[in-house]
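The values are calculated or read from the model by the stated rules, or taken from the named source; none is laboratory data. Model, not experiment: these values are computed from the prediction. Because the Cβ atoms are built from the backbone with ideal geometry, glycine has one as well, and the counts that use them run over all protein chains shown. Protein only, heavy atoms only, side chains kept; ligands, DNA and RNA dropped before computing areas. Shrake-Rupley method; radii C 1.70, N 1.55, O 1.52, S 1.80 Å.
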Amino acid sequence: MIVRLDPLAAAPSLIREWQRSSVVLTSGFDPSVAELVKIRASQLNGCANCINIHTYMARQSGESEERINLVAAWQDAPCYSDRERAALGWTEALTRLSEEHTHVNAYEELKAHFTDEEQVALTMTIIVINGYNRIARRLGRSSRNQGTGGRSSLSANQDTVDAAGTFKLLHPKLIRVAYRMLGSVHDAEDIVQEAFARWMTTDRREVREPEAFMRRTVTRLCLDLLKSARHQRETYLGPWLPDPIVDEYEEDDVTLPLMLALERLTPLERAAFLLHDVFGLAFDEIALTIERDAAACRQLAARARAHVRGARPRFQIERQRGLDIAQAFYAASRSGDLTALGEMLAADVNVHADGGGKRPAAAEPVVGCEAVMKFQAQLASMFGADESRLIRLAFISGLPGFITQEADGEFSTTALDIEDGKISAIYVIRNPDKLKHLH
């Protein structure tokens, strides 16, 4: 006969035994994995007392407040490893097991990161914690969390999920702001991740406009980083070019030449110009963001505008026309058809190649049609010996161009600035650190 446990009749000693067994089962895991799993299961079951217990244990095992606070939003938070994500996904699958919440995909992730023995132990741990949570709730041990202003932990958990959802919707806009400020995809992602952590730990009841709050946070973090970034650019080997962005931002006029022009601005001029001229913010809001008065912000933007005026495109080339020119340039440059190549180039054409000291590239810009033709002839002989493969045609940082895979297996991007049907500038990025996001 199967003996079924009546939760209302469960003795405290039995509950303590369930707690002890969960500790034994997870003794072979990283403490962080075990406690994160227990916190998430307790959140899903709405057991406030259990959340408090396992939060305390997580702190004792050395977990950071950020990672503890973001457990409910683990799918969007970047601070967890793939192994931890697999464990949390399996926790949700078992806790919510129903026709609507299938466990198949979660189990595939689990198998990829845990041994057979660990899978059994983790599964038993989740079952034990779920059982204990539900017994504790039935016994009336679930209480209100005194640290959430009178709200229950379940309510606070939902607030965390909602906050993560708000951030996820704004993430593309924030990345655009950070990238425009820094010219680096990696740095932009780091800045936005830091802004996410600050958003999740701030008192959001005091925030009236989440988008303005997060944009302000991102901009200020970028201004701090630019102080050190300027020194790094000064010691960079060869020409520096901003990281290539493929296809995503061709709807606005922040092209690669403008990004280079922005490098000549002070950090505050850059922020005022981008926030007003590109993102359309009022000077009153910009003043709050960069902590200057509105009149000063107008002056900063005006000075920036004067510096970059020549770098802004006079017109946006039609997409297909730009890609056709990029295709023709690729074919002529790789085949060594210098006649066809010469017909495409403007008299004052220049080439900028960024290898970052890690791959071969011209140490200085190549200026003038004659010099560029000689440079391209040398490249053509190299391409003849070492095949270059076209990956795709695309708009690269707002300019028509292409992505190639070179003989060494690394990617390169080429962007073409086209004026009056002629190529006036060629921008080549070969630095592998700037191309990781394209793989």
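Specify which of the listed residues (Glu92, Glu84, Glu108, Glu35) is assigned to a helix (DSSP H, G or I), more than 22 Å from Thr202 (Cβ to Cβ), among the charged types (D, E, K, R) and out of contact with any helix residue (DSSP H, G or I) (no Cβ under 7 Å at 6 or more places or on another chain).
Testing whether each residue is assigned to a helix (DSSP H, G or I), more than 22 Å from Thr202 (Cβ to Cβ), among the charged types (D, E, K, R) and out of contact with any helix residue (DSSP H, G or I) (no Cβ under 7 Å at 6 or more places or on another chain) leaves just Glu108.
Contact list please: Cβ distance under 6 Å, first residue in the range 255-274 and within 21 Å of Glu419 (Cβ to Cβ) and among the small types (Gly, Ala, Ser), second residue in a helix (DSSP H, G or I) and open to solvent by 10 Å² or more (accessible area, probe 1.4 Å), pairs at least six apart or on different chains.
Going by the 6 Å Cβ cut-off, the qualifying pairs are Ala261/Ala311.
Output the residues belonging to the range 339-375 that are touching a helix residue (DSSP H, G or I) at 6+ places or on another chain (Cβ under 7 Å), more than 28 Å from Ser184 (Cα to Cα) and of a type outside the set (A, V, I, L, M, F, W, C).
Answer for the range 339-375, where residues must be touching a helix residue (DSSP H, G or I) at 6+ places or on another chain (Cβ under 7 Å), more than 28 Å from Ser184 (Cα to Cα) and of a type outside the set (A, V, I, L, M, F, W, C): just Gly342.
Taking Asp284, is it touching a strand residue (DSSP E or B) at 6+ places or on another chain (Cβ under 9 Å) and at pLDDT 90 or above?
Values: touching a strand residue (DSSP E or B) at 6+ places or on another chain (Cβ under 9 Å): no; at pLDDT 90 or above: yes.
No; evaluated as a whole, the condition is false for this residue.
Checking Glu211 against (1) open to solvent by 20 Å² or more (accessible area, probe 1.4 Å); (2) modelled with pLDDT under 90; (3) touching a Leu at 6+ places or on another chain (Cβ under 7 Å): exactly one of these is not met. Which one?
Result: Glu211 fails condition (2) only.
Do you know which residues across the range 46-72 are in contact with a Phe, Trp or Tyr (Cβ under 9 Å, 6 or more places away or on another chain) and surrounded by fewer than 20 Cβ atoms within 10 Å (Cβ to Cβ)? Steps first, please.
Going through the range 46-72, the residues in contact with a Phe, Trp or Tyr (Cβ under 9 Å, 6 or more places away or on another chain) turn out to be 47, 50, 67, 70-71.
Selection gives Arg67 alone.
Rundown of residues vs (1) at pLDDT 90 or above; (2) open to solvent by less than 20 Å² (accessible area, probe 1.4 Å), yes/no style:
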site: Gly357; (1), (2): no, no
site: Ala363; (1), (2): no, no
site: Phe375; (1), (2): no, no
site: Leu390; (1), (2): yes, no
site: Phe395; (1), (2): yes, yes
